[in-house]
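Input: a single structure, listed below in structure tokens.
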Amino acid sequence: MRILFIHPNYHSGGAEIAGTWPPAWVAYLAGSLRAAGFSDIHFIDAMTENVTQDDLRQRMIDLAPDVVGTTAITPAIYVADEVLKLAAEVVPGALRVLGGIHATFMYRQVLSEAPWVDVIVRGEGEEIMTALMQARRDGRWPEDKRKIKGLAFMDGGEIVATPAASTVKNLDGIDPDWTILDWSKYLYTPLGVRVAIPNMARGCPFTCSFCSQWKFWRDYRVRDPKKVADEIERLVNDHQVGFFILADEEPTINRRQFIEFCEELIARGLPDRVKWGINTRVTDIMRDKDLLPLFRRAGLVHVSLGTEAAAQLKLDQFNKETTVADNKLAIKLLRDADIFVEAQFIVGLDNETPETLEETFQMAWDWQPDLANWAMYTPWPFTPLFQELRDQVEVFDFSKYNFVTPIMKPAAMTRGELLNGVMKNHRRFYMRKALFHYPWRGTGFRRKYLLGCLKAFLKAGVGRTFYDLGKAGYWGPQSKGKVDFHFDETRTIAEAQMQDWDATADRAARARERQLAVRAQTKERAAERAAGAFQLPSDAGPVMACGGGKQQMREPAE
């Protein structure tokens, strides 16, 4: 049975300015499938190769797969849909499979809009995909489709979701097949070396209101640090990887295992051959301030901090559980440890103004991170914050839900003015850094890395790919009133998806009402007891033991 995986050709002008990123999902799926006996697996990275529809059509015809699978984050969903629509035309006998975070939560929307999608894999794909491929190989598909957990599909006009599959409990049992990738295509621009995105842990115990990752991975699990180091060593030895970013939401949550991972890298001499970066929380940096020199010796050179906001009000709204003072201190601690620090800000909520944008710039310059990024708030339709702000969301063109397009329109600004304010912050920050910091601060690796980051920004700026500026028609402050984001206004939330949301909201509201009622009743009874409401009247007779007897248990002897 021939399986073809395709990474959809979607570009946004966001994270890709720093390099070409290897699609790790296909390595993890391919590794699990090979372990289950599937050997005829092929992969097309349409994004990195910028594969056209005509070229993709011909490659599908030439491969003649039995299964075509793709994945999609929210902004790539329409491109992924088109991949499977094309498969329905040119290889109609192939089973068409869609996975990823968007389809996991928005399967009703996807199946309503793209009936050519045969089946959606909801959640972590390794075990679900293996069960699905076994059913296909053994001739049990589609007869057994309702027996396989973690799927969604159309069946006789009905949208069906089978019970959720459990999360992968034995992460150490997953052996990703990194050979399926053409490593010459994946480069980290600041250092000019090959880049990988391995996985050490899955899940996150925190519930930031704008994020969906904690909902997707559900429970937090960590791999054996030695096995992760084994994987890094293979990536370096077999594929000449010179930089990696841990894909974890927050790899430092488990302090003991993160330390063990760093010590393992040092013991193997890997920091001399590969450098790496992570995303983590401000609170973890403060907790581990005495360990930062160890992390740096292990090759950790870049930390992206979810500072998110320069105002405490926004931090509280995002449920970040941090303070502005914490952010400033964490950045200083990292810089003192010679670890490059990138501060992330989220802007573009309803209360954004020119003054609040200016505040984030002044705060960023006061904090002095090495890098700063102002990302547009993107209302992922499966997050708590989206449900709170749903009445304010006007754009349902998910192709623009990419952190660089202002989906929300602040009450006091147009979207063009918001984009201009963000660009103004980027221009000022990096111009000052380029003139007064990067060329003159430090020597050797520090200087090389910072100039490499500047090169990445300049390359994206000249090519008009940064923040999709070329597509939006932004050429500076003079064009802010003429910016066109090309929203597809015909896109709406499907009726089936809306009904599911409303039903979920109703269930949550009823559960909340029951919870509040129980609490109120408990308080009422406690008050009654405190007031002596349960004292027996004087003529009630002797106290009876359980079962009606008059004998009571003796008090234990002193």
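Rounded to the nearest whole Hz, the Karplus-based 3J(HN,Hα) values (6.51 cos²θ - 1.76 cosθ + 1.60, θ = phi - 60°) of the stretch 108-117 follow the sequence 5, 5, 5, 5, 6, 8, 10, x, 6, 6, with x at glycine and proline. Accessible surface comparison of Ser479, Ser112, probe 1.4 Å, protein chains only, largest first: the order is Ser112, Ser479. Lysine pair count for the stretch 329-455 with Cα-Cα distance under 24 Å and sequence separation of 8 or more or different chains is 9. In the chain, the alpha-carbon atoms span a convex hull of 238 Å³ per residue. Using the Karplus relation 6.51 cos²θ - 1.76 cosθ + 1.60 with θ = phi - 60°, the per-residue 3J(HN,Hα) values for the stretch 70-87 come to 9, 9, 7, 6, 3, x, 9, 5, 5, 5, 5, 4, 5, 4, 6, 5, 5, 4 Hz, with x marking Gly and Pro. Between the alpha-carbon centres of the stretch 239-300 and the stretch 391-451 there is a gap of 27 Å. Rolling a 1.4 Å probe over the protein heavy atoms of the stretch 15-92, with every protein chain left in place, gives an accessible area that is 53 percent carbon and sulfur. Counted over the stretch 140-196 with a bin width of 5 Å, the fraction of Cα pairs per bin, in whole percents, is 4, 13, 13, 11, 10, 13, 12, 11, 8, 4, 1.
The fraction of all Cα pairs in the stretch 1-133 landing in successive 5 Å bins from 0 to the largest distance is 2, 10, 22, 24, 22, 14, 5, 1, given as whole percents. Radius of gyration (Cα atoms) of the stretch 28-96, expressed as a multiple of 2.2 N^0.38 Å: 1.13. Taking every DSSP helix (H) stretch of at least 4 residues in the chain, weighting each as -39,500 (n - 2.57) and dividing the sum by the residue count yields a mean residue ellipticity at 222 nm of -12500 deg cm²/dmol. A cut-off of 5 Å between modelled amide H atoms, ignoring neighbours fewer than 5 places along the same chain, links Ala372 with Ala343. For the stretch 387-401, backbone phi angles converted through the Karplus equation (6.51, -1.76, 1.60; θ = phi - 60°) give residue-by-residue couplings of 4, 5, 9, 4, 5, 8, 7, 10, 10, 10, 7, 5, 5, 9, 7 Hz, Gly and Pro being listed as x. In the full protein context, the chain carries 45 Å² of accessible surface per residue, based on a 1.4 Å probe and ignoring ligands, DNA and RNA.
Ordering 358-366, 77-85 by mean Cβ neighbour count within 10 Å, with the highest value first, yields 77-85, 358-366. Judged by the mean number of other Cβ atoms found within 10 Å, the most tightly packed of the peptides 126-132, 154-160, 470-476 leads the ranking 126-132, 470-476, 154-160. One Cα centroid belongs to the stretch 92-150, the other to the stretch 325-371; the line between them spans 42 Å.
Counting only residues at least eight positions apart within a chain, or on another chain, there are no lysines with an alpha carbon under 17 Å from that of Lys147.
The values are calculated or read from the model by the stated rules, or taken from the named source; none is laboratory data. Bear in mind that the values here come from a model prediction, so they are computed numbers and not experimental data. Quick reminder, even Gly has a Cβ in these numbers, built from the backbone with ideal geometry, and neighbours come from all protein chains shown. Quick note on the areas: whole protein, heavy atoms, side chains included, nothing else; ligands and nucleic acids left out. Shrake-Rupley method; radii C 1.70, N 1.55, O 1.52, S 1.80 Å.
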